[in-house]
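Okay, structure first, notes after.
The values are calculated or read from the model by the stated rules, or taken from the named source; none is laboratory data. This structure is a prediction, so every number in the text was calculated from the model and none was measured. Side chains included, ligands, DNA and RNA excluded: accessible areas come from the protein's heavy atoms. Shrake-Rupley method; radii C 1.70, N 1.55, O 1.52, S 1.80 Å.
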Amino acid sequence: MHHTETSKQKLSSAGEVQLTAEQHPLIGSIGEVSAILESLQSNRLFVVIDKPAYHASGADAVLEPLFLQRTTTWFTNFELNPKLVDVQRGVEAYRDCQPDFMIALGGGTAIDLAKLIGSIAVQAESARDIATGRATIEVPGKPLMAIPTTAGTGSEATHFAVVYVDGKKYSVAHPSLLPRYAIVDSTLTASLPKRMTAATGLDALCQAIESIWAVGATEESLEYASEAARLAFGNVVIATNSPTPASRDAMCRAAHLAGKAINITKTTAPHALSYALTSRHGVPHGMAVAITLAPMLAFNAGVTDQDCTDPRGAAAVRDRIAGILDVLGTDNVEDACASIKNLLQKIDCPTTLEAVGVKTSDELQTIVDSVNVERLSNNPRRASQNQLLHLLRNTIP
Ligand SMILES: [Zn+2]
């Protein structure tokens, strides 16, 4: 649990906060939800909840009485990975009940859906147009409290949300999408199944590492990302294979800090490459990202001034990559890649594209064709389609 003195102070000034992308959600533990709702005098709730996670996390015991005391509209039946149809259904339900506060509980899907529903419901433009970037968010939605029950996405700390439209992945970004409150409480992750702990923990690790080498990296983001990478690398195997309260707690902190880091920097090549692996090959998000982490680390470590996309130059990128190697406990790239591969194997994450069903050149080409150009431009070393193909072919033995 992360109930610190500063979080207490932050919570007590909750009422007057005007959020921008640079600001942060107010952090509390599950026991504080009641006081927050009281202080806001919130009586009409719209809750986006992953039902299995609601019960498995034990959040039901705390939240159920609070929901019963208020007019609460539930939105619960949605698929894994946010889809436009679910956003559209949610927007209709939201408009019918006109809530004064929103709560999202679950993994990244529930939190991203809540961000999109709460925001799109108060815009004039259609959900489809906003999701696909043809229209923009103009007015902020009602405040949102995000309660993650996985330690991975960090969505509670970011101002963007992923949505799939006709199988294609989009990211909607707006400062007002940043949740007002984040309940980061590791007790909620105590019963998280092994495979989900692994996949979500890898998302946190990759987000942290990508954030360190990202073109968008700042001094502030580096602080969050370095700490997140250290915590995730040091704890994801224990949290997956023999979880302890301390390792669960460390992973929750890692995920939240990685979220704060990518809220500033956004992600890079491994994320850009991952979305087709998830939508076409059914690979859980964090694992889909992790598969290309080591090859991209090796690639980015070879950055030169000729192919560097960071205006600060190749030496500055190499400095940050040295910081990543340090977290991985080595000073050479080959060992670092071996160490990532070893970690993936320990938690049963596939380490090759072949292992997740990408077997032919055509299939590989489809993955590379699907890459989001904007995310790729945030990678510190320019990568042509051919370079990506070559790089990824090496992961197919
Ligand atoms: Zn991610």
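Between A204, A182, A314, the residue with the greatest mean-square fluctuation in the GNM of the chain (Cα pairs under 10 Å linked by springs) is A314. Annotation: lysines with alpha-carbon distance below 24 angstrom to K115 (same-chain offsets under eight excluded): K10, K51, K83, K142, K168, K169, K260, K266. DSSP assigns beta bridges within the chain; of those with both partners inside it, close to 25 percent run antiparallel. Note that segment 174-187 has calculated 3J(HN,Hα) couplings of 6, x, 6, 7, 5, x, 6, 10, 10, 9, 9, 9, 5, 4 Hz, one per residue in order, obtained from phi through the Karplus relation 6.51 cos²θ - 1.76 cosθ + 1.60 (θ = phi - 60°); glycine and proline are x. Give me the angle, in degrees from 0 to 90, between the Cα long axis of helix 219-241 and the longest principal axis of the Cα atoms of the chain, rounded to the nearest 10. Taking Cα atoms only, the helix is inclined about 90 degrees. The residues of the chain have, on average, 41 Å² of accessible surface per residue, using a 1.4 Å probe with all protein chains present. Just the protein heavy atoms count here, and of the accessible area of the chain at 1.4 Å, carbon and sulfur take up 51 percent.
Compare P99, P52, P380 in a GNM of the chain, Cα atoms joined below 10 Å, and give the one with the largest fluctuation. Most flexible of the set in this elastic network: P52.
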